[in-house]
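A short write-up of the structure that comes next.
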Amino acid sequence: MKTCKKCGNEVLGDDIVFCSKCGTKILTHKATSPVKRKKFVILSSVGMGVLIVIGVTLLLLNTPSAKFKNAVLANQYSDAITVYNQKIKGNSEKEKEAESFIQEELNTINQDFKTNKIDYQKATTALDTIKKLELLKADVEAAVNNINKLNDSRTSFKKGQEFIANKNLKDGISELKKVVTDDENYAKAQELISTNTLEPEFRKRIRMRRKISMSGSLKVKKWR
């Protein structure tokens with residue numbers, strides 16, 4: 001119920017705009033509905049949450065550790081070295097975090113190359129960047145050796161297949177024997193070695209038996 005401020009007449013109905021007694025316009029104050037108020041609170045909370053997340057993300061991206069990691073991943077070793085020497089070196093906690101990241105990256109590069117997610121060039125480029133940082137030298141050297149060893153193995157498998165396809169069994173088997181167990185081609189290489197070793201040996205034994213048989217026949221004829 002509303003009351004006219006001019007004449008004091010009580011006006012029934014929230015939709016009445018003018019006083020029925022004196023005709024004065026009655027001011028209305030629409031109350032905000034609970035649903036709209038709730039939506040406003042929710043939207044405000046969501047907006048505030050988004051701003052907080054963005055703020056925290058920007059702060060994290062600007063930390064020395066984040067800058068170091070991003071530089072390594074982008075193969076920008078000079079930037080990575082600068083950040084490490086100026087912002088990380090000397091802080092044992094940050095040094096451990098950087099070394100942990102390098103170790104994880106080495107494992108990722110090895111695994112990705114092993115499963116053919118990256119090629120030899122990408123793997124070696126990433127490893128060269130890490131190597132120039134001069135961190136975890138023994139682990140980096142081991143990773144480089146593993147990549148090179150697997151790449152040489154894959155090259156030997158391809159050469160072996162080509163030699164065997166061209167009937168050059170000797171060189172083909174020699175190359176296939178260089179395939180390492182970590183190579184996905186190892187089982188196939190062993191199969192090719194077995195097949196192309198047994199077949200010539202089998203033929204050789206047949207020829208030997210024929211020679212022995214012919215030699216025995218000649219002796220019998222001479223004796224008679």
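Of the residues PHE163, PHE101, the one with the fewest other Cβ atoms within 10 Å heads the list, and the complete ranking is PHE101, PHE163.
Residue by residue, the range 78-90 carries 3J(HN,Hα) couplings of 5, 5, 5, 5, 4, 5, 5, 5, 8, 10, 10, 4, x Hz when phi is fed to the Karplus relation 6.51 cos²θ - 1.76 cosθ + 1.60 (θ = phi - 60°); x denotes Gly or Pro.
Going from the fewest other Cβ atoms within 10 Å to the most, the residues SER92, SER153 appear in the order SER92, SER153. Write down the Kirkwood hydrodynamic radius of the range 144-201, to one decimal in angstroms, obtained as one divided by the mean of 1/r over all alpha carbon pairs. Result for the range 144-201 stands at 11.2 Å. Extension gain, ASN145-ASN116: 0.36 nm per intervening residue step, less the Cα-Cα distance, totals 8.7 nm.
Quick note: the coordinates plus some simple rules give every number you see, no bench work behind them. These figures come from a predicted structure and were not determined experimentally. In this analysis, Cβ positions are derived from the backbone assuming ideal geometry, glycine residues included, and neighbour counts consider all displayed protein chains.
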